[in-house]
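A short write-up of the structure that comes next.
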Amino acid sequence: MVLLMEKSHAPIVPVKVQGSRDLLTKGWGKLEVLIGKPITPESFEVPKEAENRREWIANRIMEELRTLEV
């Protein structure tokens, strides 16, 4: 994900889908799609002590996904 973002110079738009488990298991349910703000590589200042720059950015993106709420 980070490599694609860096190579294409395109932002990553975090998207979280909630309710898909009920939809798949029961065949019905409420499905919610949450869309966050676009994230660019420039959005982050990677610490010099980070061992793997791309992994560090990927972890920050996952943190952004966890904070998405309705």
Hits in segment 1-36 (condition: among the basic types (Lys, Arg) and touching a residue at least 24 places away in the same chain (Cβ under 8 Å))
16
Within segment 39-70, which residues are surrounded by 12 or more Cβ atoms within 10 Å (Cβ to Cβ) and not in a helix (DSSP H, G or I)?
39, 40, 44, 46, 50, 68
Report, by residue number, each residue of segment 6-38 that is open to solvent by 80 Å² or more (accessible area, probe 1.4 Å) and part of a helix (DSSP H, G or I).
7, 21, 24, 25, 26
Could you grab me the full set of residues in segment 17-45 that are among the hydrophobic types (A, V, I, L, M, F, W, C) and within 15 Å of residue 3 (Cα to Cα)?
39, 44
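The values are calculated or read from the model by the stated rules, or taken from the named source; none is laboratory data. What you are looking at is a predicted structure, and each value in this text was computed from that prediction instead of being measured. We place every Cβ from the backbone using ideal geometry, glycine too, and count neighbours over all the protein chains shown. Surface accessibility is based on the protein's heavy atoms, side chains included, excluding ligands, DNA and RNA. Shrake-Rupley method; radii C 1.70, N 1.55, O 1.52, S 1.80 Å.
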